[in-house]
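Presented below is the structure to which this report refers.
Coordinate-derived values only; no laboratory data. Bear in mind that the values here come from a model prediction, so they are computed numbers and not experimental data. Because the Cβ atoms are built from the backbone with ideal geometry, glycine has one as well, and the counts that use them run over all protein chains shown.
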Amino acid sequence: MSEPAAVPVHHAPRGFVRRYIFSTDHKVIGLQYFFLALFSVLVGMLLSLAMRYHLTNPDAKVRLFEMLWPDGAAGGLMTPELYLSLMTIHGTIMVFFVLTTAPQSGFGNYFLPLQIGAEDMAFPVLNMLSFWTTFLALVVLLAAFFVEGGAPLGGWTAYPPLSAIPAAGPGQGMGMTLWIASVGLFCVASLMGAINFITTIIDLRCTGMTLARMPLTVWGWFVTAIISLLAFGVLLAAAVLLLLDRGAGTSFYVPGGLIVNDRLLDHKGGSPLLWQHLFWFFGHPEVYIAILPGMGLVSQVLSVFARKPVFGYKAMVTAMLAIAVLGFVVWGHHMFVSGMSPYSAIAFSVLTMTIGVPSAIKTFNWIGTLWGGSIRFETPLLFAAGFVSLFVAGGISGIFLGQPTLDLYLHDTYFVVAHFHMIMGVAAIFGIFAATYYWFPKMFGRSMHSALGKAHFYLTFIGVYLIFVPMHSVGLAGNPRRYPDFKEFEFLAELGGAHTFISLAAYFTAAVQLLFLANLFWSMWKGRPAAANPWEATTLEWTVASPPPHDNFGGVTPQVHQGAYEYSVPGRSRDYVMQSEP
Amino acid sequence: MTAHVPVRPFALVLGLLLVLTVAEVVLAYFHVPPAMMLTALLGLSVLKAGYIMAYFMHLKFERFGLFLLLVPATVFCILLFLGFLPDAGRGMMEGA
Amino acid sequence: MSVSKAAVLDRPWAGGTRPFAMGSKKLGMWLFIVSDTLTFATLLIVYTYLRMAAPSWPTPFHFSPGILFATVMTFVLLASSFTMVLGVRAMSEGDRKAAVRWIGATMTGGLLFIALHLTEWRSLIAEGMRPFSNPWGDPLFGATFFTITGLHMTHVAAGVLYLGVIAAGVARGRFSAEDVEVSGLYWHFVDLVWMFVFPLVYLMSVSLP
Ligand code: HEM
Ligand SMILES: [Cu+2]
């Protein structure tokens, strides 16, 4: 029998390096992840602005482009290859280093131990290693811009055979190799993180923290970690094989008889479809890796600010688990046009539709949580409600795409781009914003500016709808995705206005984010000092000082006596009961 | 903490694993029809893996919850891989 | 804390206790094994997929020597699993000397396995087999063979190093019985993977209809 040892009172290490750089403190690591994601999202956003600018002004000569990419934009004119490489890095950075990193590794690391009453994660050193591996992966990815030929062209899905053949294009040489290395490293880091999260949640809950008392945030991190554990090992293997195809002359993904740049390749016998299967076997679970922590957080925030228990706690947990299971059986819906058997397509389609059920349960329960509450309209609540709105808006287009017959037409159009930006991109980002506004007082001991936060919300909310609603129409009109220049196509000529509108909305929305950055950095140093529990929330992180001491609970292991959502409890002096209150 | 752990059951399991391996090799020797052979081999391998996990890796002696956490999800994912196979042979160009 | 130990054992999920009654490292190793299982399973399904897709698949492993040789390797690995069991057992009985001896035996088994495997690789390479081509036909035969067995061999090699660190520590009075058990879990897992590689890659060296 191994009982958890008594918690000693720890002090933070003295030296700067051990304390802030190679730290094993989950709070420092959480912040490291947070800032890594913040840096990544800024890079990703700037790339997207360059792309939108190019789409609406394909002939413009931009000095800045030439300065940044002397080869890809000689004379300031962006080549199609440069456009595609910007798109690839944009997608990869956003999916992996923002949406997978911030909600799970960032906030999860910081708040998971606090919320379950633990002193740290189960494996602090592993935690540090996983951060630095992620960091290395990001460096390797960005390095792709600076090597000969530049960054790869194949998008975040890197379909072979072209991704397997260095000669296929300028970025497909060293750039593609770096991309694969980066993704491989990211897989390793994510697996380390997943092992750490699962072990921590199982082993380190403090006395009284039963599974049914865990905040839904913790459930979100838990389910996400389980998905990661099962999915990233597959992508890792797939990536290694792709690397072998490029470096060792194997042909896992390369069929015979392929002619690239007028040269017949030696490869033969492989299957590009195999990569699609492996990639999407990981890829669809990955979209839930991005969104599930947000779902947990939104449930939490809605309850806190509606001063009501979460509506249907058990249903929420069950729905998350159902989403996790169903998320593994629908990968084929990304491959409807791959020439798969129509019978498989029907099976994948039906399974895809069933995901709508747990998703709808969650949506109804979020609304049920708000229903009749005494709602406090603070910024976190606004972003959480925005998350629900975007989740519904993006989910509905998913139902369209899940029909094989419709998807034959919609696949690889801007409709898909609109779908996943709504639901994965922006909804998850709204989750991150909600988390930032909600936990900022705890992390930095100061409050963010409320009016500025609300302005940020309303303008961003309007902005993203202005970008992505017209994008659905452009897609329905048949506009293909991943094209650098539309003026070659006559039938797209009349969409020019829509594209200009989308680009303008994008510039606007990007500009609005300056409000957030200003608020964030200003508040870090100048914000109003925050109390320990400014939102009057019940979970354990609000029982300790803001920011929490190095060993979280000052050497006392907390005890939990309540569920996580005891709001508006009759017969109490306050309208909430902390989890630690008897 | 010291406890006396009997060796016998583990030695028996080792013996069994060796016997099952020999059985597999015998199948290969007699050139059983491939479909039957594959089925038999996979069956035997799963059996062997089960014994290794249950005894050598001690899973049989752990809380049942650990089994539930680890095994069903893993097996489920591996079975899902079979969904790739109908596509084997599609999208391959022949020759050259 | 007024909660009695028995009450906690009654309610293993109530918090403040480890539900599986094992150290976190052991649980962590099990979780690693899950993810690694999926990595290996991916390689094996890739192999199956490509083999099904191939018009004809090379079958160079004849009963003798190819298959018999691999059988010997299998026996070596199984035997090393058993010596590992004995090492874990010795450690749990507090007999560090015996534990070091048995772990040493296990490492020897692992090294023998690698030596045999490399011998086999060398003779295949001498016959002209490469990751990108081979004298018998479909080039993916070599690709899948070297990738699967190569990754497995890497795991064996890593395991030998891991056990070396453990054995050295145990000899100097470091590491608990559970630490040794955790290293054992890894070793048995590597053995377990081979239980699928051996039949699928070697024994199925028959032409499919
Ligand atoms: C009811 C729920 C959903 C359904 C029915 C659905 C359906 C689909 C389908 C059929 C596609 C493939 C379209 C094509 O390529 O032609 C797709 C693409 C995509 N979906 Fe969803 N989806 C749903 C929810 C989600 C969620 C929750 C996320 C992320 C959080 C997400 C992220 C994505 C992404 C990233 C892509 C595009 C991948 C790419 O090709 O680059 N989807 N969706
Ligand atoms: Cu999907």
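On a 25 Å Cα-Cα criterion, which of the cross-link pairs A:27/A:362; B:48/C:26; A:27/A:314; A:362/A:442; A:442/A:526; C:25/C:97 come out too long?
Working: A:27/A:362 30 Å; B:48/C:26 22 Å; A:27/A:314 29 Å; A:362/A:442 27 Å; A:442/A:526 15 Å; C:25/C:97 23 Å.
Distance filter (> 25 Å) returns A:27/A:362; A:27/A:314; A:362/A:442.
Rounded to the nearest 10 degrees, what's the angle between the helix A:272-306 long axis and the longest principal axis of chain A, both from Cα atoms, 0 to 90?
The two axes meet at around 30 degrees.
Among A:83, A:507, rank each residue by its count of other Cβ atoms within 10 Å, from fewest to most, as a rough exposure measure.
Values: A:83 22, A:507 14.
Fewest to most other Cβ atoms nearby, the residues stand as A:507, A:83.
For peptide A:222-235, what's the mean number of Cβ atoms from other chains within 10 Å of each residue's Cβ? Intermediate results must be reported in sequence, preceding the final value.
Working: counts 0, 0, 0, 1, 4, 1, 1, 7, 8, 3, 3, 12, 8, 3.
Mean number of neighbouring Cβ atoms from other chains: 4.
Order by neighbour count: A:362, B:48, fewest other Cβ atoms within 10 Å first, most last. Don't jump to the answer; show the numbers that get you there.
Values: A:362 22, B:48 26.
Going from sparsest to densest Cβ surroundings: A:362, B:48.
Roughly how far apart, in whole Å, are the Cα centres of the range C:112-166 and the range A:307-321?
Spelled out, the Cα-based centre of one part sits 50 Å from the other.
Can you return the lysines within cross-link range of residue A:61? Criterion is Cα-Cα under 28 Å, with same-chain partners fewer than 8 residues away left out.
Answer for residue A:61, where 28 Å is the Cα cut-off: A:487, listed by chain and number.
Which angle between 0 and 90 degrees, to the nearest 10, do you get for helix A:496-526 versus the longest principal axis of chain A when only C-alpha atoms count?
30
If you project the alpha carbons of the range A:466-526 onto their three principal axes, what span does each projection cover, largest first, in Å?
That works out to 55, 20, 17 Å along the principal axes.
Specify the inter-centroid distance of the range A:206-222 and the range A:161-177, based on alpha-carbon positions, in whole Å.
45
Based solely on its DSSP helices, what 222 nm [θ] is calculated for chain C when runs of n ≥ 4 H residues each add -39,500 (n - 2.57) and the sum is averaged over all residues, nearest 500 deg cm²/dmol?
On the way: 6 runs with 145 residues, N = 209.
That calculation yields -24500 deg cm²/dmol at 222 nm.
For chain A, give the magnitude of the charge dipole about the Cα centre (Cβ charges: +1 Lys/Arg, -1 Asp/Glu; no others), in debye to the nearest 20. Mind dumping the intermediate values first?
On the way: 27 positive and 27 negative charges, 256 e Å.
My answer is approximately 1240 debye.
Order these by the 10 Å Cβ neighbour count, fewest first: C:182, B:22, A:301.
Values: C:182 24, B:22 13, A:301 29.
The fewest-first ordering by Cβ neighbours comes to B:22, C:182, A:301.
Based on the alpha carbon coordinates of the protein assembly as shown, what radius of gyration and maximum Cα-Cα distance (Dmax) apply, in Å?
28.2, 84
I want the local charge near residue C:113. Using Cβ-Cβ distances under 11 Å, sum +1 for each Lys or Arg and -1 for each Asp or Glu among the other residues. Let's see the in-between values first.
Working: positive: none; negative: C:120, C:191.
Overall, the nearby charge balance is -2.
Which order, highest average first, do A:185-198, A:486-499, A:406-419 follow once you tally other Cβ atoms within 10 Å for each residue and take the mean per peptide? Can you show the working numbers first?
On the way: A:185-198: 26.0, A:486-499: 13.3, A:406-419: 20.2.
So the peptides A:185-198, A:486-499, A:406-419, ranked by packing, come out A:185-198, A:406-419, A:486-499.
Go ahead and estimate [θ] at 222 nm for chain B from helices alone: -39,500 (n - 2.57) per DSSP H run with n ≥ 4, summed, over the residue count, rounded to 500.
-20500 deg cm²/dmol
For chain C, take the longest principal axis of its alpha carbons; what is the angle in degrees between that and the long axis of helix C:177-197, to the nearest 10 within 0 to 90?
Long axis of C:177-197 versus the principal axis of chain C: about 20 degrees.
In peptide B:50-58, how many Cβ atoms from other protein chains are near each Cβ within 10 Å, on average? Before the final figure, lay out each step's value.
Values: counts 2, 2, 7, 5, 0, 3, 13, 14, 8.
Partner-chain Cβ atoms within 10 Å, mean over residues of B:50-58: 6.
Kindly provide the helix-only [θ] at 222 nm of chain A, computed as the sum of -39,500 (n - 2.57) over DSSP H runs of four or more divided by all residues, to the nearest 500 deg cm²/dmol? Display every interim value, and only then the final one.
Values: 16 runs with 332 residues, N = 582.
Per the formula, -19500 deg cm²/dmol.
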